[in-house]
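So the structure is just underneath, and the comments pick up after that.
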Amino acid sequence: RTWRSDVPIARTVWIEPSRVKFPVVVSDRGKPDGWVRYMVRGGKLVNTDPVHTFLVTNAAYVVFDDMDIHGGEAGDVFHMRDSVGIRLRNLNIHDWGEARQPDFSEAKKGRCIPVKHKWNTGWSQPAIRIGEGMKETVVERCWVHDPKECGNSWYYSHPYGPTAINMQYPDGSTVLRWNDFIGSDDKRWNDAVASIGNFTENGGFNRDADIFGNYMCFAADDSIEIDGGQRNVRVYGNRFDMSFTGLSVQGNVISPSYVWSNIIGGSREEFGLQGATLKTAGVKKNNPSDCVSWIFNNTFWGEGDGFCCRPGFTAYLYNNLFLGKQMLKTSMKDNPQDGIAQTVFRANTVSEKKIDVSGIDIGDSATSGVEIPNFAPKGVVRGAVQNGQTQFMWPVRPLPFVLDRFTVDAGRSRA
């Protein structure tokens with residue numbers, strides 16, 4: 001189960017765009033049975049100042065709802081810390097940050113040499129920073145897109161640049177659901193969702209997180225990182241596309257994390273470089289069983305690598321469907337690396353079939369998978385889509401309609 005979307009509103013604070021002063025400092029203290037809601041008169045808020053748009057600190061049970069936000073040059077449209085029960089919902093966030101330019105003069109082709117970054121505001125510019133001391137944070141039904149900066153390719157160095165969300169040492173309990181974090185070839189993310197403290201127990205989402213029903217695409221590095229503690233971090237019903245790496249579960253320091261029923265693929269960045277659809281790494285080399293991820297009933301597709309288990313990491317891969325020629329390189333290969341990594345494969349399917357992006361066969365109805373208590377019942381098939389799901393709706397969202405065709409005719413005469 002996860003939290004309800006509707007919360008009782010006790011008071012609404014209206015922001016007047018013509019009189020607002022940035023950053024908008026929010027320290028209201030609502031209650032679980034009476035939340036404070038912030039809205040913008042007219043719906044649109046434009047910040048052209050070199051400061052954050054919202055600074056949320058020592059607040060409790062506050063909702064930011066139904067806003068079209070043109071962010072400021074400092075990045076961090078929402079800079080949040082030391083607060084409990086903050087919800088961002090129905091927000092359109094765009095045009096934030098500074099259009100910085102890195103200096104690639106010392107980079108060497110294909111060498112991933114660190115470049116001189118003429119940047120003075122940190123390694124990334126998130127639209128939303130979920131920072132230290134944050135508890136019970138929810139981001140839902142938000143569209144984050146078109147930052148001013150573009151993340152650089154691995155062709156030069158480790159990507160730097162904008163993110164939709166930075167997870168920076170929260171106290172746990174985070175929900176991301178039904179969001180669109182959409183990049184483009186012109187405006188790629190560093191990561192759509194980035195973790196800070198990848199190899200620390202309180203890094204990343206930390207613990208007790210639900211990430212479901214989201215669409216994240218066009219990252220120079222990862223569509224999403226859940227790196228860090230990963231204690232009861234659950235990723236399901238999402239679609240991750242057209243990034244160098246689909247999903248990163250490296251640095252699983254506490255565990256367990258669960259990744260199931262996702263569509264992950266299309267690994268490719270602006271120069272055609274391709275990473276793994278699922279990236280792993282561990283740090284507890286003496287006892288790899290401490291770092292466990294359960295990865296099941298996903299569909300991985302594309303021409304990049306599939307899965308590779310790295311040192312200090314234990315993964316259980318059940319009922320997954322791997323589609324694409326390069327998936328065979330790593331997906332079904334146990335790579336123990338000095339005996340400190342374990343990979344358990346059961347009832348996975350690897351296919352070299354040609355990929356048709358417009359009509360991906362994301363379920364393998366011909367072969368049954370294995371039962372996974374509390375998750376997959378008997379008779380479950382391999383891949384993300386199960387028997388009886390005749391409509392392809394991914395990411396999974398509570399919508400009052402279904403699609404029977406994914407076809408758009410633009411400007412075609414029907415005379």
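Is it fair to say ARG37 is touching a residue at least 12 places away in the same chain (Cβ under 8 Å), out of contact with any Leu (no Cβ under 8 Å at 6 or more places or on another chain), of a type in the set (Lys, Arg) and assigned to a strand (DSSP E or B)?
Working: touching a residue at least 12 places away in the same chain (Cβ under 8 Å): yes; out of contact with any Leu (no Cβ under 8 Å at 6 or more places or on another chain): yes; of a type in the set (Lys, Arg): yes; assigned to a strand (DSSP E or B): yes.
Yes, satisfied.
Filter segment 188-235 down to the residues that are in a strand (DSSP E or B) and in contact (Cβ under 8 Å) with a residue 60 or more places away in the chain and list them by number. Outline the logic, then answer.
Step one: filter segment 188-235 for residues in a strand (DSSP E or B), giving 189, 193-196, 207-212, 215-217, 219, 222-225, 231-235.
Passing the criteria: ALA194, ASP210, PHE212, TYR215, ALA219.
Listed residues ASN238, ASN252; which is within 11 Å of the chain's Cα centre (by Cα) and either touching a residue at least 40 places away in the same chain (Cβ under 8 Å) or open to solvent by 40 Å² or more (accessible area, probe 1.4 Å) (or both)?
Values: ASN252 fails: within 11 Å of the chain's Cα centre (by Cα).
That would be ASN238, the only listed residue that is within 11 Å of the chain's Cα centre (by Cα) and either touching a residue at least 40 places away in the same chain (Cβ under 8 Å) or open to solvent by 40 Å² or more (accessible area, probe 1.4 Å) (or both).
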Might you check whether a residue that is within 18 Å of ASN90 (Cβ to Cβ) and buried (at least 19 other Cβ atoms within 10 Å of the Cβ) occurs anywhere in segment 14-22? no
Residue within segment 278-295 that is within 22 Å of ALA384 (Cα to Cα) and within 14 Å of the chain's Cα centre (by Cα) present: yes
So MET80 passes all but one of these: (1) buried (at least 23 other Cβ atoms within 10 Å of the Cβ); (2) closer than 16 Å to LYS148 by Cβ; (3) in contact (Cβ under 8 Å) with a residue 40 or more places away in the chain. Which condition number does it fail? (2)
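For segment 123-136, give me the residue count where each residue is surrounded by fewer than 19 Cβ atoms within 10 Å (Cβ to Cβ) and of a type in the set (A, V, I, L, M, F, W, C).
The initial filter retains those residues of segment 123-136 that are surrounded by fewer than 19 Cβ atoms within 10 Å (Cβ to Cβ), namely 123, 132-133, 135.
Those still in the list that are of a type in the set (A, V, I, L, M, F, W, C) too: 123.
So the count comes out to 1.
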Is there a residue in segment 189-199 that is among the small types (Gly, Ala, Ser), open to solvent by less than 40 Å² (accessible area, probe 1.4 Å) and within 14 Å of VAL138 (Cα to Cα)? no
Within segment 57-75, track down each residue that is assigned to a loop (DSSP other than H, G, I, E, B) and either closer than 20 Å to GLU136 by Cβ or at pLDDT 95 or above (or both). ASN58, ALA59
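Please enumerate the residues belonging to segment 40-56 that are assigned to a strand (DSSP E or B) and closer than 19 Å to ASP95 by Cα. Working first, answer last.
So in segment 40-56, the residues assigned to a strand (DSSP E or B) come out as 40, 44-46, 54-56.
Of everything in segment 40-56, those that are assigned to a strand (DSSP E or B) and closer than 19 Å to ASP95 by Cα turn out to be VAL40, LYS44, LEU45, VAL46, PHE54, LEU55.
Within segment 1-17, how many residues turn out to be in a loop (DSSP other than H, G, I, E, B) and modelled with pLDDT of 95 or more?
Initially, segment 1-17 is screened for residues in a loop (DSSP other than H, G, I, E, B), giving 1-8, 16-17.
Imposing the further condition that a residue be modelled with pLDDT of 95 or more reduces the set to 7-8, 16-17.
The number of residues fulfilling the criteria is 4.
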Number of positions in segment 394-411 that are surrounded by 10 or more Cβ atoms within 10 Å (Cβ to Cβ) and either modelled with pLDDT of 75 or more or not in a loop (DSSP other than H, G, I, E, B) (or both): 5
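Given the condition at pLDDT 90 or above, buried (at least 24 other Cβ atoms within 10 Å of the Cβ), more than 19 Å from GLU201 (Cβ to Cβ) and touching a Lys or Arg at 6+ places or on another chain (Cβ under 7 Å), answer yes or no: does some residue in segment 263-278 qualify? Show your work before the answer.
Looking only at segment 263-278, we keep the residues that are at pLDDT 90 or above, and these are 263-264.
Narrowing the set further to residues that are buried (at least 24 other Cβ atoms within 10 Å of the Cβ) leaves 263-264.
Imposing the further condition that a residue be more than 19 Å from GLU201 (Cβ to Cβ) reduces the set to 263-264.
From what is left, the residues that are touching a Lys or Arg at 6+ places or on another chain (Cβ under 7 Å) are 263.
Within segment 263-278, one or more residues are at pLDDT 90 or above, buried (at least 24 other Cβ atoms within 10 Å of the Cβ), more than 19 Å from GLU201 (Cβ to Cβ) and touching a Lys or Arg at 6+ places or on another chain (Cβ under 7 Å).
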Look at ASP103 and say whether it is modelled with pLDDT under 95 and closer than 16 Å to VAL56 by Cα. no
Residue that is modelled with the highest pLDDT [pool: residues in segment 279-295 that are assigned to a strand (DSSP E or B) and either polar (S, T, N, Q) or crowded, with 24+ Cβ neighbours inside 10 Å (or both)]: ILE295
Selection from segment 137-171 of residues open to solvent by less than 10 Å² (accessible area, probe 1.4 Å), within 13 Å of ALA194 (Cβ to Cβ) and among the polar types (S, T, N, Q) yields THR163, ASN166
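The values are calculated or read from the model by the stated rules, or taken from the named source; none is laboratory data. These figures come from a predicted structure and were not determined experimentally. Reconstructed Cβ throughout: ideal geometry from the backbone, glycine too, with neighbour counts over all protein chains shown. To get the accessible areas, we keep the full protein, side chains included, count just its heavy atoms, and leave off ligands, DNA and RNA. Shrake-Rupley method; radii C 1.70, N 1.55, O 1.52, S 1.80 Å.
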